[in-house]
1. May I ask you to list the residues in the stretch 215-239 that are part of a strand (DSSP E or B) and either farther than 18 Å from Pro121 by Cβ or assigned by TED's automatic domain parsing to the domain that holds Pro115 (or both)?
2. Which condition breaks for Asn269 when tested against (1) outside any loop (DSSP other than H, G, I, E, B); (2) touching a residue at least 60 places away in the same chain (Cβ under 8 Å); (3) of a type outside the set (Gly, Ala, Ser)?
3. Within the stretch 228-279, how many residues are under 22 Å from Ile97 (Cβ atoms), touching a Lys or Arg at 6+ places or on another chain (Cβ under 6 Å), of a type in the set (A, V, I, L, M, F, W, C) and surrounded by fewer than 24 Cβ atoms within 10 Å (Cβ to Cβ)?
4. Do we have Ile279 as in a strand (DSSP E or B), out of contact with any helix residue (DSSP H, G or I) (no Cβ under 6 Å at 6 or more places or on another chain) and within 12 Å of Pro214 (Cα to Cα) here?
5. (1) under 25 Å from the mean Cα position of the chain (by Cα); (2) free of Cβ contacts under 8 Å to residues at least 24 places away in the same chain: which one isn't true of Lys296, the others all being true?
6. For the stretch 180-199, name all the residues that are assigned to a loop (DSSP other than H, G, I, E, B), out of contact with any Gly (no Cβ under 8 Å at 6 or more places or on another chain) and not aliphatic (A, V, I, L, M).
7. Would you check which residues across the stretch 322-363 are surrounded by fewer than 15 Cβ atoms within 10 Å (Cβ to Cβ), more than 18 Å from Gly219 (Cα to Cα) and in the same structural domain as Thr244 (by TED's automatic domain parsing) and list them?
8. For residues that are out of contact with any Gly (no Cβ under 7 Å at 6 or more places or on another chain), part of a loop (DSSP other than H, G, I, E, B) and β-branched (Val, Ile, Thr), scanning just the stretch 96-126, find the one that is nearest to Ser149 (Cα to Cα).
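The values are calculated or read from the model by the stated rules, or taken from the named source; none is laboratory data. Predicted, not measured: the structure shown is a model, and the values here were computed from it. Note: ideal-geometry Cβ built from the backbone for every residue, glycine included; neighbour counts use all protein chains shown.
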Amino acid sequence: MSYLYVFSRLTMKKFIFALAVMLCISCSCYAYASDERYIEIQIPCRVNEDVKIIMPNGEVFMPGKVLMTPSKTNWPAYTASKWSTPSSVCASAVNAIHILIDVENDRGRIISLVPSVTVAPAASRGSFFSLGMPAGTGIFGGFAPLTGSRVTVMHEGVEHELTDTPGENDTLIIRSELSSGNGVYMADIENRPAGRVIVYDSRGAKVIARVIRPVHGVGRFGGSVFQNRGRIRASHSGVIDVATSPRDSVGGIQIMPLKHALTSTEMINAWALTQWMIIAPLPDMPDLEGHTPMFKSAFVPGAQLDDKLPDIWSHYGRRPLVLCRRDGGNWEMLPNVSGKADDALKDVTHLRLYFPSWDEPAN
């Protein structure tokens, strides 16, 4: 039967309906093929209302309630926030999520989301949502948004860019891709001066940076008390923070790009103390700060405690792991070290960071 014959038998109304159905099918196929899938996080600007996590299939999780709403923004915020994109997540951690509103006089203006019990110095008084969920779980764990995730505000049924403190009856909306936004699945770092930083994706391996200052010790990074050993404690446009101690103990290391180490008064100790690694881009590459693959759309804390994701692949794939080699040996877990220990990692010759993934690995 020819398309002309079918068309001749249809009324115009039926033809328009059929065309609309075909377009819908086409669009949904295209969206699936392009893998544009995301978690939507909704935070009402109203006390005692539920935080909602909406999955691509429509499933809804409610990890906790809003306990407090912000009355102002925070400026000047921590230095690295300025290298993020306005109206996006600029830091994702077990103990806080920071959202960049804009950059003024070379300093970021932010609002924050924090769990009800936390250590979050970057979230100033009156400029954060307090949420009733344990640190390291919910949107601070397995459902945490990637840095760079777009943030909007729903006001009277209309969605807008976030340009100021959300008002009463507004809803903050964060949309975060399920997997790392750059297609990278692993990074290896040679822990020595001039050591290579190598990232791996479907096309192969690529050197993107060199180590300026290797990491030799462990330090007291407060938020690590809410994360397990060998997991990402925090990720933002100027730092990757890795826990070296079990939950309820304090200990970790940080990986930092060179520009942040040179221009931030907050990071002046990175040149003197042993718990920081500093890396620099290759001469023909842009600055690392605020860019993929390492310092944007890269890492999330991952699930812990009773925090459960929909299936085994998402639960473990979206829980990035950090391994090491000692004296060039086999890959193993990071040493279990708490507190400040300047020589705890002196025999670590390599670090490996796994990026988050959502789906079952391809055969």
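1. Taking the stretch 215-239 first, the residues part of a strand (DSSP E or B) are 218-219, 231-236, 239.
Val218, Arg231, Ile232 - these are the residues of the stretch 215-239 that are part of a strand (DSSP E or B) and either farther than 18 Å from Pro121 by Cβ or assigned by TED's automatic domain parsing to the domain that holds Pro115 (or both).
2. The failed condition is (2).
3. The total comes to 1.
4. Values: in a strand (DSSP E or B): yes; out of contact with any helix residue (DSSP H, G or I) (no Cβ under 6 Å at 6 or more places or on another chain): yes; within 12 Å of Pro214 (Cα to Cα): yes.
Criteria met by Ile279.
5. Answer for Lys296: the failing condition is (2).
6. Initially, the stretch 180-199 is screened for residues assigned to a loop (DSSP other than H, G, I, E, B), giving 180-185, 191-195.
Imposing the further condition that a residue be out of contact with any Gly (no Cβ under 8 Å at 6 or more places or on another chain) reduces the set to 180, 182-185, 191-195.
Matches in the stretch 180-199: Ser180, Asn182, Gly183, Tyr185, Asn191, Arg192, Pro193, Gly195.
7. Answer for the stretch 322-363, where residues must be surrounded by fewer than 15 Cβ atoms within 10 Å (Cβ to Cβ), more than 18 Å from Gly219 (Cα to Cα) and in the same structural domain as Thr244 (by TED's automatic domain parsing): Asp327, Gly328, Gly329, Asn330, Trp331, Glu332.
8. Within the stretch 96-126, the subset out of contact with any Gly (no Cβ under 7 Å at 6 or more places or on another chain) is 96-99, 101-115, 117-118, 120-126.
When the remaining residues are screened for being part of a loop (DSSP other than H, G, I, E, B), the result is 96, 105-106, 117-118, 120-126.
If we keep only those that are β-branched (Val, Ile, Thr) too, we end up with 117-118.
On the way: Val117: 24, Thr118: 22 Å.
Per the criteria, the residue is Thr118.
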